[in-house]
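Enquirer: Got a structure for you, written out below as structure tokens; questions coming shortly.
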Amino acid sequence: MLNRVLPPAREDLREVKPNQAIDHYIVLKPPHVQLKSEQKYKIKAAGTIKAVWEKKKEDVSDAELEDLGGGDAVAVVDFSTEEIEIEVA
């Protein structure tokens, strides 16, 4: 299990407009993840996005970042991805 550092840095905010999708790449490397050469792994991401603000990212205050929302203006969203298989070279 991996968790992000909290509170998030302002540069870590992502803005998603209606009907838009975004990609986010995560590097799996030691010491948090130990992958062995010539092995296959199945990976799936699932969790909870703790704060979704219904406003532009520049309008999110430092206090809201620190508090991760905690008010009526924030949505909490559960997510789950499809499983993928990778092979370490």
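The values are calculated or read from the model by the stated rules, or taken from the named source; none is laboratory data. Just so you know, these numbers come straight off a predicted model, no measurement behind them. Positions of Cβ are backbone-derived with ideal geometry, glycine not excepted, and every protein chain shown enters the neighbour counts.
Enquirer: Hey, can you tell me all the residues within the stretch 44-64 that are touching a Leu at 6+ places or on another chain (Cβ under 8 Å) and among the hydrophobic types (A, V, I, L, M, F, W, C)?
Expert: Ala51, Val60, listed by residue number.
Enquirer: Okay, next question. Enumerate the strands (runs of 3 or more DSSP E) found wholly within the stretch 20-89, keeping only those where 2 or more residues are modelled with pLDDT of 90 or more, loosely packed, with under 10 Cβ neighbours inside 10 Å and in contact with a Gly (Cβ under 9 Å, 6 or more places away or on another chain).
Expert: Output list reads 74-80.
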